[in-house]
Each structure stands twice: as structure tokens, then as C-alpha cells.
1. Is there a residue in region 302-321 that is closer than 20 Å to residue 210 by Cβ and at pLDDT 80 or above?
2. Are any residues in region 144-187 surrounded by fewer than 12 Cβ atoms within 10 Å (Cβ to Cβ), on the phi < 0 side of the Ramachandran plot and at pLDDT below 55, and if so, which ones?
3. So which residues in region 52-77 are over 26 Å from residue 244 (Cβ atoms) and without any contact (Cβ under 8 Å) to a residue 40 or more places away in the chain?
4. Output yes when any residue across region 31-46 is surrounded by fewer than 16 Cβ atoms within 10 Å (Cβ to Cβ) and within 20 Å of the chain's Cα centre (by Cα), and no when none is.
5. Among what's in region 237-277 and is more than 25 Å from residue 328 (Cβ to Cβ) and surrounded by fewer than 16 Cβ atoms within 10 Å (Cβ to Cβ), pick the residue that is modelled with the highest pLDDT.
6. Given the conditions (1) surrounded by 14 or more Cβ atoms within 10 Å (Cβ to Cβ); (2) under 23 Å from residue 228 (Cα atoms); (3) at pLDDT below 75, which single one is not true for residue 280?
7. Of these, 219, 198, which one is closer than 18 Å to residue 291 by Cα and either surrounded by 13 or more Cβ atoms within 10 Å (Cβ to Cβ) or assigned by TED's automatic domain parsing to the domain that holds residue 41 (or both)?
């Protein structure tokens, strides 16, 4: 049995894809810091290139860019963690009072319909205490397991935190050389086509990521300030979390609003406070949908929010946290490929040529 050149190329590409999936599955714990570093370098290299054009040494620009990013990340952690550790123990005292208020509303309403409904405050309080105290080690172990970190989890985590900026630094220094060597491996007859494909993919992914980062920063400031004006004690951690979580469309916003509403119920114990918190989130959603996302991310990129959610969930399910890291790049590549296939189809004879009309039988006189 002989294969045509087209069939051989198809088989070769399928074999390469299969090997890539196997390596990604087997080496995911090792690949995680390198993929994170590659993402950092991809996001920061335009800034480094801009500084290099102004005669700033590339090593200095790469170091400053990474130091700036790490400083922002550390500041976010230092702002959020202390507030959470102070507020979570207070929730154990606020939950029983909230449940008693709910009992006061539920019992008279149920009595009108001849029913006896009542929340067991003591039992729920014990469940909540068990949830927020005594299960920390299990939660941390589950989180580290979900990240698929092999060996000593804690040592690997800190090792990756130190390894990631180092790898990103060297990637930024040699970015042009790495890209050039990769392009040199492309057969000359394919370089123009592949270069156009890569440029289109970079335009889709780069504009989405950099625009989305700006949207996340603006919304983090807005939600933190808005919840603080409402008077919520957990305004800073919940606001920053919501701003960062909008990277996952709709799900991030929904989770942030649920956390804020729960915190408002426990703190204010009144529907007015809850409605004010909901109003902050509704205004933020309207501003994001009608102004921030169209201006900063753009409507013509093509990465639909549903596609982003599906890609993050699907790749995360298949490859763990490493899958989450490669979900958007893979989605951008697939999007560009689908666009090109669509253009070829619309220009093909299959789409353009009309079916041959059947000759009508001659009419009898």
C-alpha cells in the first residue's frame, strides 16, 4: 500500500502532535516553571524591545521588567493574605448571628403555610468551624496535588518560584536569537506562509493578553475602591481577586460577586448592604462590557468568551495547571487555523461553483 505525499505529511503531523501530547502529559511537573517563564517573557518582551530601542542594555531592561512584575505580584500577595488571615476567624462569630436572623425570617413565613422550618444554628456553626479551622493542611495538599507538583511539593513550589524569573530573564535576553533560530528551521518554501500564520497568531494572542491584563488591573482597582466605599472590611482582597479573576470571562466575575455578597451578609447582616455590593458589581460589569473590553481588548480579536472558558476548562482537565497555561496559546493557534480554512473554503470551487443545471427536456409541439 502506497501513500500520497499529502497523506504522508498528514501522518507525520499527527505523529508529531501525538508525541507532543505524550510529552506534555509526562513532563507537566517539569514544564510548569518553563511555561510560566515563557509566558512572562512573551508578555514582557515588547517592553524590553522598546527599552532596547532607546539604547538600554538588554540585560538591564530584562532585569527591570521582571523585577517590576515580581514586585507587583508580591505586593498583591502581601496586601491580600494578611487581611484574609485577620478576617476569616471573625466569620466564625458572625455566622451564628446571621443564621439567627435568617431563622427569624424563615420561621414566621413557613408557619403561614403550616410548615415548621428552622436552621440548626449549632450544627451549621460546627460545620463552618470545621471548614475554616482544622482542614488547612488538607486544602493545601489538595491544591498542590491539583498543580501536579511531583516530589517534595513545598520544595518544588519554592524552587519553581526562584527558577521562573531566572528562565524568563534569559529568554528575554535571547528572545530575538531564539525566534530567529526557530524560524531558520522552517523549510524556505514554507517560510512566507508560516510567517504569516505566526504573525496572525501573535496579533490575536498578544492583543488579547496585553489588553486583558489592563482590564484586570483597572477592575481590581475599581472593585477594591467600590467595596471599600460601601464599607466592606474585605474590600481589598475580594476586589483584587475579582479583578484578577475576570481573566476567565463571566466565571471570575460571578465568583467574585458571590464572595462579596457572602461577606456583605456576614458583615452587614442587612439587605441594604448586600444591594450596595451588588450595585458595585453591576456597574463594574457594565463598564467592562461596554467600554473597557471593547477599547483595551478589541472586538475583532475573535477569542469568544465561551471559547476561552471551554479552552481553560478542557486543557486544565487534560493537563492540570500546565494545561491552563497553554490553553490560550493553543486556542489562538486553532482560531487562526480555522480562519484560514474558512477563507480557503469560501474561495474554493466547492463553495463558489453552482451545481450543473439539468437540461430541460424538449417540449413537445
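The values are calculated or read from the model by the stated rules, or taken from the named source; none is laboratory data. Quantities reported herein were computed from a predicted structural model and do not represent experimental measurements. A quick note on method: Cβ atoms are made from the backbone with ideal geometry, for glycine too, and the neighbour counts reach across all protein chains shown.
1. no
2. Across region 144-187, the qualifying residues are 145, 146, 150, 152, 154, 155.
3. If the condition is that a residue be over 26 Å from residue 244 (Cβ atoms) and without any contact (Cβ under 8 Å) to a residue 40 or more places away in the chain, then 52, 53, 54, 55, 56, 57, 60 are the ones that fit.
4. Keep residues of region 31-46 that are surrounded by fewer than 16 Cβ atoms within 10 Å (Cβ to Cβ), which gives 46.
Right, trim to within 20 Å of the chain's Cα centre (by Cα) and you get none.
No: zero hits.
5. Residue satisfying both the conditions and the ranking: 275.
6. If we test residue 280 against (1) surrounded by 14 or more Cβ atoms within 10 Å (Cβ to Cβ); (2) under 23 Å from residue 228 (Cα atoms); (3) at pLDDT below 75, just (3) comes out false.
7. Details: 198 fails: closer than 18 Å to residue 291 by Cα.
After ruling out the rest, the residue left standing is 219.
Table: residues versus (1) at pLDDT 85 or above; (2) touching a helix residue (DSSP H, G or I) at 6+ places or on another chain (Cβ under 7 Å); (3) under 25 Å from residue 204 (Cα atoms).
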| residue | (1), (2), (3) |
| --- | --- |
| 23 | no, no, no |
| 35 | no, yes, yes |
| 49 | yes, no, yes |
| 55 | yes, no, no |
| 62 | yes, yes, yes |
